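Asks: I'd like to ask some things about the structure below.
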Amino acid sequence: MERIYLDHAATSPMHPEVIERMTEVMKSEYGNPSSIHYFGRSARHIVDEARSALANSIGAKTNDIIFTSGGTEADNHAIFGTAESCRHRGKHIITTQIEHHAVLHACEELEKQGFEVTYLPVDPNGRVLVRDVEDALREDTILVTIMYGNNEIGTLQPIKEIGELLAEHPAKFHTDAVQAYGLERIDVQELKVDLLSVSAHKINGPKGIGFLYAHPDVKLSSRLFGGEQERKRRAGTENVPSIAGFQEAVRITQNEMETKRDELHSFKMLFMNKLKQEDAVFELNGSLDYSLPHVLNLSFPGTNVEAMLVNLDLAGIAASSGSACTAGSIDPSHVLVSMFGKGSDKLQNSIRFSFGLFNTKEQAERAAEQIAKIVKRLAK
Amino acid sequence: MIYFDNSATTKPYKEVLESFIKVSSEYFGNPSSLHGFGGKAERLLMQAREQIAHLLNVKHNEVYFTSGGTESNNLAIKGTALMHRKRGRHIITTGLEHASVKEAMDQLKELGCSISIIAPDKNGIVHAEDIEKEITPETILVSVMHVNNEIGSIQPIKEIGEMLKKHSRVVFHVDNVQGIGKVPLDLYQASVDLCTISAHKFHGLKGNGVLFIRDGLRLSPLLSGGNQEWKMRSGTENVAGIVAMAKALRLTINNMERRLSQILSIKRYIFEEMNKIEGITVHTPEKNSAPHIVNFSIEGFKAEVFVHALGERGIYISTTSACSSKKAAASSTLMAMGIPEKDAKSAVRISLSYDNTMEEAEVFIEAVKENVIRLREVMKS
């Protein structure tokens, strides 16, 4: 049985060219970038080049990129770092109910420390309203953190409009772009964001590496103390091979973004058309109009998510009930609760499919056929 | 090319790279995913955890994966301080620690903790009785490194652990980044509560580390999010890096068993030869020092000058610890040992791996001699 991986939003396979680049670096460039000898300087060069390439990919300056151990650390660094350095000015933070847990749990932790957090609701399509942000904004608001594209539903948020709104307000604006980066053209100048988080393993790069973009005017309190790496903003020996692999992954995504977006979108449409053809009953969660090209969240009335996932897995199809980080327990998704309310059947019968590297048209169709069979068998 | 800077970072073993590539290409799932891909990744993660636990002689639920030594040290220190802040705010550490311990302490000081810093003796070693004198009912943590990264002195971890048994409420953290695979340390026997290791110092990959947290001990996490690592460390697990780290640790510990005598005889040779060269002072103590580190000063020469002179001949050594080697300041470790600033400023470090050979040591000694003579002549004229 050929297994079909439709869970690229959880994590993605590494691109063969990324593996090749990392192998090369691991073999020959093993120096510590802080060492002053040849090996150190050579490793430093790789880190510098990567930093500048990543900065370019979002219209930022080289020095505004801070390498981290991944998306969670980047989100935590942005939120805790801003909260701590701005606490003299105010203690109010605005976010949404549908953020990734790396943002939500960080905000909850800050509440324990005496900060006040407004969790904005979303409309039934999973979008936050700019008006709601405006209404929630106060003089003592120090941070607004709203994700670029949702990881469970795929909904894109009105980041540019919010950036516009905040341009005149002293609050810092952070966006978690972990799911969107690589598939959406992002320019931090245009969006007017101060902080932006990215993770490599969602774009066919390695796990354990990410970056935080921070505008030079943003003062972040450090989270990790030690050596003076990352211009004193993040201590720890730089993960050179992963940084090189990350750069390679970014190079590929930047070159292939338009083709890839079209392809992923076509998989999504093909998949839904096939489900319809096979008479499977389903509803789309979210809207196709403001959506990441690779994420598709469907509700299958009359089914149960756990039974569905087990059956899908037996049929060789890897999908998910929500974000992988909460998937272990199958608690109802906080994103779906926010969109549809606590009582909705959709909390119990929705599945996320996410497409990516190595998926083919045939796979999308075959998966849909299999899923239709399972749905028809399970739906009561 | 002779690489004598293995305390800064090491070259990954070939087998380590193979594991990394295999896991990255074939088992790329997210361990938290419920499907088969996730399950496979989770099994690999579990196996790596068990293997590392076995090699460290601890239980698998005491092994927590982090992004490296800096994060492990920060989590151990700040996590303990935050968790026990209501019980007390006094912490004891030494003047020998790595920047990731020292700076974490500085941060806690700003937040209202009081920090006692124990000075080492002239051999770079702290004593359990000096630590005990500082303990008060407010003391919540003692953090002492096992092997110093700059001079290689070994701290009496077992004696300190023994002493701390009388003060059962004090948490004991050991930074073992430089000691692992070089100087054996039984964590249970030494009554260690928290212990840090970093993969890239033992031929694993950068960006991976472990914090050993003794069963039952509670820490306040540094990262919030998806609640991985039993809620102690959120963030998708770096499965390929972790599997590679388990392999690196196994190979390193095998090497320790097989090749320790070889590296010891290289160190002894370097010691003997250094002592013959006029104007060289070796700072690493002959007794109670790790098998892989030798730190010395050459009278009248700036450390950078010497590092570059050897670099030109393809021999790579370092001025002090890599993380701070860009600063021109004298090493705080050497200053803490009572070495005069002028000697401390000219100190250089060589650090060996099990792959270095006696032939390389001979070439190195020749290069040192020639450079000392040449540089001295330049100075005279």
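The values are calculated or read from the model by the stated rules, or taken from the named source; none is laboratory data. Everything numeric here is computed off the predicted structure, so don't read it as measured data. A quick note on method: Cβ atoms are made from the backbone with ideal geometry, for glycine too, and the neighbour counts reach across all protein chains shown. Heavy atoms of the whole protein, side chains included, go into the accessibility calculation; ligands, DNA and RNA do not. Shrake-Rupley method; radii C 1.70, N 1.55, O 1.52, S 1.80 Å.
Asks: Give me D for segment B:174-296 in µm² s⁻¹, whole number, from Stokes-Einstein with Rh from the Kirkwood sum over alpha-carbon pairs, 25 °C and 0.890 mPa s.
Replies: The diffusion coefficient I find is 145 µm²/s.
Asks: How big is segment A:133-177 along each principal axis, measuring the range of its Cα positions in Å and listing the largest first?
Replies: Rounded to whole Å, the extents work out to 32, 17, 15 Å.
Asks: Then there is this: Could you tell me the calculated FRET efficiency between residue B:375 and residue A:48, based on Cβ-Cβ distance and R0 = 35 angstrom, to the nearest 0.05?
Replies: Efficiency, from the Cβ-Cβ distance: 0.65.
Asks: Sorting check: for A:217-225, B:261-269, which peptide has the highest mean count of neighbouring beta carbons within 10 Å, and how do the rest follow?
Replies: Descending packing order for the listed peptides: A:217-225, B:261-269.
Asks: In segment A:1-83, what trypsin sites (Lys or Arg not before Pro) fall in a loop by DSSP, with at most 15 other Cβ atoms inside 10 Å?
Replies: A:3, A:61
Asks: So, in Å, what gap is there between the alpha-carbon centers of segment A:23-63 and segment A:333-380?
Replies: If we compute the Cα centre of each part, the gap is 41 Å.
Asks: Here's something else I'd like to know. How large is the accessible surface per residue of segment B:255-381, computed with a 1.4 Å probe and reported in Å² as a whole number?
Replies: Here the residues of segment B:255-381 average 47 Å² of exposed surface.
Asks: What's the FRET efficiency of residue A:136 with residue A:85 using the Cβ-Cβ distance as r and R₀ = 25 Å, to the nearest 0.05?
Replies: 0.70
Asks: Enter the angle in degrees (range 0 to 90, nearest 10) between the Cα long axis of helix A:71-86 and the first principal axis of the Cα atoms of chain A, meaning the one along which they spread out most.
Replies: The two axes meet at around 50 degrees.
Asks: Cα centroid distance between segment A:65-106 and segment B:18-45, in Å?
Replies: Spelled out, the Cα-based centre of one part sits 29 Å from the other.
Asks: Binning at 10 angstrom from zero up to the longest distance, how are the C-alpha pair distances of segment B:122-204 distributed in percent?
Replies: For segment B:122-204, the binned pair fractions read 18, 51, 27, 5, 0 percent.
Asks: Mind ordering B:130-143, A:345-358, A:245-258, A:64-77 by average Cβ neighbours within 10 Å, highest first?
Replies: Averaged packing, sorted descending, gives the order A:64-77, A:345-358, A:245-258, B:130-143.
Asks: Along the three principal axes, how long is segment A:97-242 when you take its alpha carbons, biggest first, rounded to the nearest angstrom?
Replies: Answer, in whole Å and largest first: 43, 34, 30 Å.
Asks: Please give the direction-averaged projected area of the C-alpha convex hull for the protein assembly as shown, in square nanometres with one decimal.
Replies: If I average the Cα hull's projected area over directions, I get 32.2 nm².
Asks: Still on this structure: Are there trypsin sites (Lys or Arg not before Pro) in segment A:107-171 that DSSP puts in a loop and that have at most 14 other Cβ atoms within 10 Å, and which ones?
Replies: Answer in residue order: A:138.
Asks: Multiply the residue gap between residue B:168 and residue B:231 by 0.36 nm, knock off their C-alpha separation, and tell me the result in nm, one decimal place.
Replies: Full extension of this stretch gives 20.2 nm more.
Asks: Using the reciprocal of the averaged 1/r over all distinct C-alpha pairs, how large is the Kirkwood radius of chain A in Å?
Replies: Across chain A, the inverse of the average 1/r is 21.4 Å.
Asks: Any chance you could check segment A:203-224 for residues losing 30 Å² or more of accessible area when the partner protein chains are in, compared with the chain on its own (1.4 Å probe)?
Replies: By number: A:207, A:223, A:224.
Asks: Which whole number gives the average count of other chain Cβ atoms within 10 Å of the Cβ atoms across peptide A:40-46?
Replies: Across A:40-46, the average partner-chain Cβ count within 10 Å equals 2.
Asks: With everything on Cα atoms, drop me the angle between helix A:361-378 and the longest principal axis of chain A, reported from 0 to 90° to the nearest 10.
Replies: 60 degrees
Asks: Over segment A:1-144, with a single point scatterer placed on each C-alpha, what log10 of the ratio I(q)/I(0) does the Debye formula yield at q = 0.15, 0.19 1/Å?
Replies: Summing over Cα pairs of segment A:1-144 leads to -0.99, -1.18.
Asks: For chain B, take the convex hull of the Cα atoms, compute a quarter of its surface area, and give me that in nm², please.
Replies: Average projection, Cα convex hull of chain B: 18.9 nm².
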